[in-house]
């Protein structure tokens, strides 16, 4: 009765419940909204990697940071890795400086998921979107 007065439909929402649950709504509008939602693309988080070396130039680092910011804004995780080769392993502090600089720049669009850790010839850190 109330549904007819409001010119809406009486829709059975949960038929298996005791007592069955019904709702007064515009069923055509409900079906349209549901169909519209099903067509929206869902984003699956991917993990992107930014590789650097201890002696990477300033401009190259800025380009990598810009790339990483784009990944984070697109809701992807970013793994920042500093790779050491040969005698660079004797200067891990240089790699640490590069890593700290990159992390500092990326903290405005992301947050630290895993702090920097040394794994053999690599220093790895993971950031996730805010």
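Scaled against the 2.2 N^0.38 Å expected of a compact globular protein of N residues, the Cα radius of gyration of the range 38-106 reads 1.33. Backbone N atoms of the range 107-130 closer than 17 Å to the 7 Å Cα→Cβ label point of residue 88 belong to residues 117-125.
For residue 30 and residue 74, the FRET efficiency from 1/(1 + (r/R0)^6), where r spans their Cβ atoms and R0 equals 41 Å, is about 0.80. Distance between the pseudo-spin-label points of residue 130 and residue 6 (7 Å out from Cα toward the beta carbon): 4.0 nm.
Where a number appears in this text, it was derived from the coordinates with a stated rule and is not lab data. Note that this is a predicted model, so its numbers are computed, not measured. Cβ: placed from backbone, ideal geometry, glycine included. Neighbour counts: every protein chain shown.
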